1. Taking the conditions exactly as written (buried (at least 16 other Cβ atoms within 10 Å of the Cβ) and either within 26 Å of ARG235 (Cβ to Cβ) or touching a strand residue (DSSP E or B) at 6+ places or on another chain (Cβ under 7 Å) (or both)), does VAL38 satisfy them or not?
2. Against the conditions (1) at pLDDT below 85; (2) within 30 Å of GLY167 (Cβ to Cβ), where does ARG5 fall short? Just the number, please.
3. Could you say whether any residue in segment 199-212 is closer than 30 Å to ASP256 by Cα, buried (at least 19 other Cβ atoms within 10 Å of the Cβ), in contact (Cβ under 8 Å) with a residue 24 or more places away in the chain and in contact with a helix residue (DSSP H, G or I) (Cβ under 7 Å, 6 or more places away or on another chain)?
4. Between a first residue in segment 302-322 that is free of Cβ contacts under 8 Å to residues at least 60 places away in the same chain and a second residue that is outside any strand (DSSP E or B), which pairs have beta carbons less than 7 Å apart while being 6 or more apart in sequence or on different chains?
5. Being in the same structural domain as TYR86 (by TED's automatic domain parsing) and at pLDDT below 90 is the requirement here; does GLY167 meet it?
6. Being surrounded by 15 or more Cβ atoms within 10 Å (Cβ to Cβ) and either under 23 Å from VAL281 (Cα atoms) or of a type in the set (Lys, Arg) (or both): is that true of SER65 here?
7. When the residues of segment 451-496 are filtered to those that are of a type in the set (Phe, Trp, Tyr) and part of a loop (DSSP other than H, G, I, E, B), which remaining residue is farthest from VAL423 (Cα to Cα)?
Amino acid sequence: MATTRALGRVASLFPHIEKDWWKDAYNEMYLHTDGDCVEDSAITETECAELLEIKSVQQLFQKESVEVLDLCCGQGRHSIHLAKQYPSLSIHGIDQSVYLLDLAKERALAENVQDNIKFREGDLRQIPAADNFFDVVILLGNSFGHCGDEGDLQSLREVCRVLKPGGIFIIDYVDGSWIRSNFNQGGWEWLEGEGKLLACRERELSPDQTLLASREIVIDLDGPSVLQDLFYSVRLYDLEEMDDLLAKSGLSRQTDDGKQLITPKRDGPVDLGMMERRQLVVAQKPIGANSSTSKHDGQVYFHPKLRQENDYHKGRYTRVSEFVPAGTMIIMETPYALVPSPDTFEPDATICSNIECNQRLPQHKERVHCQRKCIQDVAWCNDRCRAADQDRHAFECAWLRRCGERIRETEGQYDFAMLWIVVRLLAGRHLEMATESKPREHYVHENWFTRGWKSIENLTGNAGRWPQTKIQHWNSLVEKYFGEIDRSNLTIDDVVGIISKEESNSFGLYPRATGSCPLLGPPIDRGKDYGIGVYPMISLINHSCIPNVSWESDGKGRMILTTSRDLRAGEECSISYFDLCKYVDFNTRQSLLREYFLFSCTCERCKTEKLNDSS
């Protein structure tokens, strides 16, 4: 471990506390100094048991497709424990510490729960998620009170924003009243598992007793050397103040569910500090509450600093209006249409056909099929998903029964998947036309991005750049298989135009992310695709062989875009259209782009490699 420069005795701790001290505090040393609590599996189990005693949480966790947010998730101890106990939960862990997030991902993989947990870097004051998205939000382990009064209130307002109406928020925080009544100026302890590491702590209350400042010095007696000299502070809230904060943020405390948490002491010198007594508070977002007057779609998120622009040469593109740090989710989008992978040899390529679900259905998972037995590829999680998808599936069912297997046998798997996704695009259009007279809500992202069928019409299809042989083939397919389907005034040429848009803009769904460059370690293949979807908003992100954004499906059909490095104000967002781990050399990449996307890449990497090849 690295040594650090230490101060001597100071008159007051407060002048030495940096504003955002917590950005650098949660590292490897944190697991040593706080490991007696945060690395104790028995304590984690007890805290999760307290959570599961809450009746509203019990009821929610018995349902399917429950979205849970673990704010300030750290090394993922609560997320992983809950995922093991409730495999049906979809858990999202957010933390600002890259070190702890990497550890969380490793541990989730080791426990085989990586499929239903997604860990992501983020700030609780600006949660990277859509409005009204989560059923449950938890903020555990004394992770509140670090951001100042305004930051703490903003954090709770963000919790309210991302919670569904009726959703539950559970938080534990330092028991301010107990700390003030039992104030201890300092303490020391041997760090668990480290016979020669000693932690010495000093504490100070602010004059108004609303802040607790602490100093933590870690000494390695083998050195001897100082490994850490950390100054930090936490806001002390009593129950009345927390009530007021929750009310201001739009949440209502559930008085029957709260309790005081007492951390058990171990033998020998011990200094539990703020973890000794905490308050567990449960709050609810009122049913019918809206977190804003202009809302995001419940399944779509776009970063507020994203903008769509037009360029005379390149057409539409997407940029950030202000600085955005690495690891930030900038877009989460559901597909307009989605079909399973055309690879019939992929055993886990089945996806729930309900467009509101889109969950992967591995071989071992139960599923229900079409009662008219159209094709085996059509499957749903359960009868509820089948019922919810009834109107959309009714549009495609007769076509699948009549043409599905015939297309597979005579045209092949690829053409079948292509035509099927076009039918599902038309099904979405058909449903929109049937309901267009109903009042339509405006969402924030519509200020820059269109939605619905209009977004499909706006996609670039490159119809004039495809080889004539391909256009003629598509014409033949439409004439042959779309004669009896409801095209609602769309001509054969119109449908061929839709095919060209699908072929130019569809995305494969893979188990791992696409677009990590430069590679930080050994290349990791993104895996075998299990689905194909059309995502109109993401289609506006241009390609680069040195992308600054990666893309990955979350296992429920949603595509998530995350910045892979810091983006400066005004910088264009770019993704890789293919797996950079697989297509490495310049000529292979350019050949792939020309064949499937009808353009050549002119990014700085390609310019340099082209120059090197020609010299």
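1. Working: buried (at least 16 other Cβ atoms within 10 Å of the Cβ): yes; either within 26 Å of ARG235 (Cβ to Cβ) or touching a strand residue (DSSP E or B) at 6+ places or on another chain (Cβ under 7 Å) (or both): yes.
So VAL38 fits the description; yes.
2. Looking at each condition in turn, ARG5 falls short on (2).
3. yes
4. As it stands, the answer is LYS305/SER321; LYS305/GLU322, since those pairs meet every condition given.
5. So GLY167 fails the test.
6. no
7. TRP466
Here is a yes/no grid of residues against (1) among the hydroxyl-bearing types (Ser, Thr, Tyr); (2) more than 30 Å from SER214 (Cα to Cα); (3) surrounded by 22 or more Cβ atoms within 10 Å (Cβ to Cβ):
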| residue | (1), (2), (3) |
| --- | --- |
| HIS92 | no, yes, yes |
| ARG107 | no, yes, no |
| ASN112 | no, yes, no |
| LYS118 | no, yes, no |
| ASP123 | no, no, no |
| LEU140 | no, no, yes |
| PHE144 | no, no, yes |
| ASP149 | no, no, no |
| ARG157 | no, no, no |
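The values are calculated or read from the model by the stated rules, or taken from the named source; none is laboratory data. Computed from a prediction, not measured in an experiment: that's the story for all the values here. Methodologically, a virtual Cβ is constructed for each residue, glycine included, from the backbone with ideal geometry; neighbour enumeration extends over all protein chains shown.
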